[in-house]
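A quick write-up on the structure given underneath.
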Amino acid sequence: MRTAVKSFLHLFSLLVFVILVIGCGKKATDTEEYLIKVDSIIHPDTVAAGKSFAVKFYGTIGSNGCYRFLRFETERSAGLTKVWTVGERKTGQNVMCPEYLPKLDGTVLNLMAPDTGSFTIAVINPGLGNVLNSTVMVRQGN
């Protein structure tokens, strides 16, 4: 009886070890960030100073379901806001990607209007000097 229990425990321990080795041997899917190419943006022509307004972004995020929008990064200076549209893609061997074309489809970034005058939104796209500029007029707030 004792020998059967010992044999069972040894066999069970071996089975658990094999499962752990096989499970840990699989490499997790890696990801990497990249800059999404923005085709166009939509925003109001005129906004009130000191008020928030929405900018909608359009473009293709990637070639399949392994690509996704991650975040906006902004840098602000006098009369100018630079915007980087950051995506993330799955990488590695044996990555299964759904077959669809992910798009920005009006993904919104809310910006705060500065003082009155002209205000430029500069969307930085991939590639040297590839910038999409758009201007907003800022009027006195009420």
remark   = Those chymotrypsin sites (Phe, Trp or Tyr not before Pro) from the range 58-142 that are DSSP loop and have at most 16 other Cβ neighbours within 10 Å turn out to be Tyr100
Modelled FRET efficiency - R0 25 Å, Asp115 with Ser40, Cβ distances, 0.05 increments = 0.40
request  = Could you count how many Lys pairs in the range 30-139 have their Cα atoms under 20 Å apart, skipping same-chain pairs fewer than 8 positions apart?
outcome  = 8
ask   = Using the Cα gyration tensor of the range 35-131, with a ≥ b ≥ c the square roots of its eigenvalues, what is the shape: rounded (a/c below 1.5), prolate (a/b larger than b/c) or oblate (neither)?
value = prolate
key: Spin-label model distance (nm) - Glu33 vs Gln140, 7 Å beyond Cα toward Cβ   = 4.2 nm
message = Can you order the peptides 45-52, 30-37 by their average number of other Cβ atoms within 10 Å per residue, highest first?
response = 30-37, 45-52
key: Filtered GluC sites (Glu not before Pro), the range 40-119: DSSP coil and at most 12 other beta carbons within 10 Å   = Glu99
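At a 10 angstrom cut-off on C-beta neighbours, averaged per residue, how do the peptides 103-112, 127-136 rank from highest to lowest?
Working: 103-112: 15.0, 127-136: 11.5.
In decreasing order of mean packing, 103-112, 127-136 become 103-112, 127-136.
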key: For the range 91-105, 3J(HN,Hα) per residue [Karplus equation, 6.51 cos²θ - 1.76 cosθ + 1.60, θ = phi - 60°, Hz, x = Gly/Pro]   = 9, x, 6, 6, 7, 9, 10, x, 8, 8, 9, x, 10, 5, 6
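No value in this document is a laboratory result; all are computed from the given coordinates. None of these values were measured; they are calculated from a predicted model. Ideal geometry is used to build each Cβ from the backbone, glycine not excepted, and the neighbour counts take in all protein chains shown.
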